[in-house]
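Reading through the structure tokens given below for one structure.
Just so you know, all these numbers are worked out from the coordinates, no wet-lab data involved. None of these values were measured; they are calculated from a predicted model. Cβ placement follows ideal geometry from the backbone for every residue including glycine, while neighbour counts extend to all protein chains displayed.
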Amino acid sequence: MANKKELDWSKLEGMLIFDASKVACSMILGISADTIERRIKEEHNMSFTEYKKTHLETTVLRLKQRMIKKALDGDNVCLIFALKNLSDWKDVRENTQDIKDIVVKIKEYGKE
């Protein structure tokens, strides 16, 4: 029986946090894409795509943390982006009457 090709898990995981494709991982690790798929199935009972997603989520979380920190530190572009993407803020309000009411209240407040 032929020797079972070993998979360098730390290298694979290091590539996956940067969204590497199975083909790229195969080329860098020097093993076939099918072998990578089989080893992931044997060890983790998931497909390459599922396994990659679990590692890519770490990258996404780190990027979100960094964006929020920049927003809180005063980066207005990040602040606007965070509000639009992490909450229900929008550029266009659905009810323009609400905006008119707010403007009236601001003007009244300025007169006090």
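With a Förster radius of 25 Å applied to the C-beta separation of Ser47 and Lys90, the computed FRET efficiency comes to 0.10.
Specify the longest stretch of the chain that does not include any exposed loop site, a site being one of the chymotrypsin sites (Phe, Trp or Tyr not before Pro) with a non-H, G, I, E, B DSSP assignment and at most 16 other Cβ atoms within 10 Å.
The longest such stretch corresponds to 19-88.
The relative contact order of the chain, computed from alpha carbon pairs under 8 Å that lie at least 6 residues apart in sequence, is 17 percent. On full extension, the segment bounded by Ile102 and Leu79 gains 6.1 nm, given 0.36 nm per residue less the C-alpha separation. Among the trypsin sites (Lys or Arg not before Pro) in the stretch 11-101, which ones are in a DSSP loop with at most 13 other Cβ atoms within 10 Å of the Cβ? Mind listing them? Of the trypsin sites (Lys or Arg not before Pro), the ones in loops of the stretch 11-101 whose Cβ has at most 13 other Cβ atoms within 10 Å are Lys90, Arg93.
Taking 32 Å as the limit for the C-alpha separation, the pairs Lys41/Lys70; Lys11/Lys70; Lys52/Lys84; Lys41/Lys64; Lys22/Lys90; Lys41/Lys84 exceed it in the case of Lys41/Lys70; Lys22/Lys90; Lys41/Lys84. For the stretch 1-85, which GluC sites (Glu not before Pro) pass both filters: DSSP loop (anything but H, G, I, E, B) and at most 12 other C-beta atoms within 10 Å? Passing both the DSSP loop test and the Cβ count: Glu6.
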